[in-house]
Amino acid sequence: MDINESILDKSKPTFFPKHQNALYKSLEDKHTTVEVQEDPLGTRMILNMGPQHPATHGVLRLLLDLEGETIIKNKLDIGYLHRGVEKIAENKTYQEFMPYTDRMDYLSPYSNNVALCTAVEKVAGIEVPERAHYIRMIGCELARISSHLLYLGAMVMDAGAISFFIWTFRERERLYDIFDNFGGHRFTISHSRIGGVHNDLSPECIGMIKEFVDTFPNEIKDWRKLLNRNRIFIDRNENIGVITREDAIRYGLTGPNLRAVGVPYDIRKFESYARYDKVDFDIPTRLEGDNLGRYFIRVEEMEQSIAIIRQCLEKMPSGSIRTDDAKKAYPSKDEVYYSMEGMIHDFMMTDTGICPPDGAESYHAIEAPKGELGFYIQSDGTGHPWRMKINSPSFTNLQGLEKMLDGEMIADTVVIIGGVDPVMGESDK
């Protein structure tokens with residue numbers, strides 16, 4: 001029965017109070033059909049979870065149809081953080097838009113920077129020096145670890161272990177110190193540049209990275225001992241939020257959420273960018289498709305990121321860090337401060353920016369911590385894109401969250417959301 005018919009026809013029984021009609025009307029507006037039936041014991045109800053709920057990141061609304069404590073049907077409502085990022089990009093130069101990418105998935109800003117840069121370099125035909133590629137890879141893998149650490153701490157805290165959150169943040173603080181030395185900022189780093197990177201790694205920064213990759217695996221080993229056979233943690237995650245391989249592909253899941261159902265797809269391997277084809281690493285996969293499988297995937301991915309960083313430090317050649325073409329990249333500060341030509345080129349890059357050919361278009365994606373992050377760019381020959389569209393993994397992964405929640409207990413909602421690991425900054429772009 002269509003819920004709107006039940007609301008309009010007072011002779012037909014409903015199981016919800018009159019004050020909840022507005023909630024059902026909002027469901028009906030989204031073309032959702034909810035089965036209405038008699039509920040003499042009053043066990044059926046509609047519950048708004050969010051958008052103010054802390055476990056829904058303060059900007060995600062879940063509309064839950066409950067029978068007792070079981071979710072019969074749910075509907076996600078997003079858009080509470082919408083900022084029009086894609087339209088902002090069309091009124092900024094490509095480099096001017098860089099700081100906005102930091103604020104999309106703000107848990108891994110460096111990956112967002114690299115995704116934009118590689119997309120612009122593809123449409124504009126810019127070659128990036130070898131050393132810059134390896135520096136970008138180090139930054140991206142550190143960002144992957146940082147993102148997974150917050151996932152791990154927050155998800156385990158949602159399951160009841162408060163102290164674990166503090167332990168993961170201790171390691172994130174070490175990463176923030178590295179990023180501070182890396183690019184001059186702890187969080188929204190904006191270090192990558194079109195045509196290369198802003199600055200080279202200092203010997204002190206390289207030493208900090210080496211110390212981190214030497215000590216961090218011991219932390220992972222301790223966490224495995226604590227969680228992998230912990231009865232409470234296993235019971236809260238095993239067979240919770242299950243999605244099948246077919247449904248995961250159909251709903252467009254990406255990243256760890258896709259690999260947790262047995263699909264070994266990783267853009268770093270299948271459509272390699274930077275110099276990922278020159279380093280050896282594995283693609284962790286699981287078959288269960290549940291919250292526990294997603295946990296194992298992310299922990300193993302952190303270990304693989306450590307292996308990639310070690311190889312990058314070994315293979316990183318000397319040389320320039322930015323393309324030597326004043327029409328396509330910012331000049332070095334030495335040129336700007338001590339030559340008139342350098343100052344002119346710096347001004348032109350700031351005022352006009354890079355101008356890809358008129359009519360050129362491209363799509364390029366990277367393997368961000370949460371999955372495929374891609375930028376589609378259409379150029380009109382000016383220094384800002386005619387059109388820019390962003391394919392963000394949090395948005396696509398949320399499509400599968402509704403499927404995961406149906407049939408689960410309401411107490412498992414926050415754990416499942418934590419297992420999917422969305423960031424609304426890039427979902428509500």
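Data for the structure
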quantity: Subset tally (residues that are among the hydroxyl-bearing types (Ser, Thr, Tyr), crowded, with 19+ Cβ neighbours inside 10 Å and farther than 27 Å from ALA119 by Cα) for the stretch 289-339; calculated: 1
quantity: Selection status of ASN218, more than 16 Å from PRO109 (Cβ to Cβ), out of contact with any helix residue (DSSP H, G or I) (no Cβ under 9 Å at 6 or more places or on another chain) and at pLDDT 90 or above; calculated: yes
quantity: Elements of type helices (runs of 4 or more DSSP H) in the stretch 256-350, at least 2 residues being at pLDDT 90 or above and either hydrophobic (A, V, I, L, M, F, W, C) or on the phi < 0 side of the Ramachandran plot (or both); calculated: 256-259, 267-270, 291-315
quantity: Some residue of the stretch 138-151 being more than 28 Å from ILE390 (Cβ to Cβ) and assigned to a helix (DSSP H, G or I); calculated: no
quantity: Subset tally (residues that are of a type outside the set (Gly, Ala, Ser) and buried (at least 16 other Cβ atoms within 10 Å of the Cβ)) for the stretch 218-248; calculated: 10
quantity: Restricting the stretch 167-201 to residues that are farther than 20 Å from ARG275 by Cα and assigned to a loop (DSSP other than H, G, I, E, B), the residue that is farthest from the chain's Cα centre (by Cα); calculated: GLY184
quantity: Lone qualifier among THR254, THR215 - being surrounded by fewer than 13 Cβ atoms within 10 Å (Cβ to Cβ) and closer than 30 Å to GLU130 by Cβ; calculated: THR215
quantity: Qualifying residue in the stretch 393-411 (condition: in contact with an Asp or Glu (Cβ under 7 Å, 6 or more places away or on another chain), part of a strand (DSSP E or B) and surrounded by fewer than 17 Cβ atoms within 10 Å (Cβ to Cβ)); calculated: yes
quantity: Breaking point among (1) outside any helix (DSSP H, G or I); (2) more than 13 Å from the chain's Cα centre (by Cα); (3) touching a residue at least 40 places away in the same chain (Cβ under 8 Å), for TYR106; calculated: (2)
quantity: Within the stretch 142-166, tally of residues that are buried (at least 23 other Cβ atoms within 10 Å of the Cβ), over 13 Å from the mean Cα position of the chain (by Cα) and not aliphatic (A, V, I, L, M); calculated: 1
quantity: Residue count, the stretch 258-285 (criterion: within 20 Å of the chain's Cα centre (by Cα) and either β-branched (Val, Ile, Thr) or not assigned by TED's automatic domain parsing to the domain that holds LEU313 (or both)); calculated: 5
quantity: In the stretch 126-156, the residues that are among the small types (Gly, Ala, Ser) and within 23 Å of THR413 (Cβ to Cβ); calculated: SER147, GLY153, ALA154
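The values are calculated or read from the model by the stated rules, or taken from the named source; none is laboratory data. These figures come from a predicted structure and were not determined experimentally. Ideal geometry is used to build each Cβ from the backbone, glycine not excepted, and the neighbour counts take in all protein chains shown.
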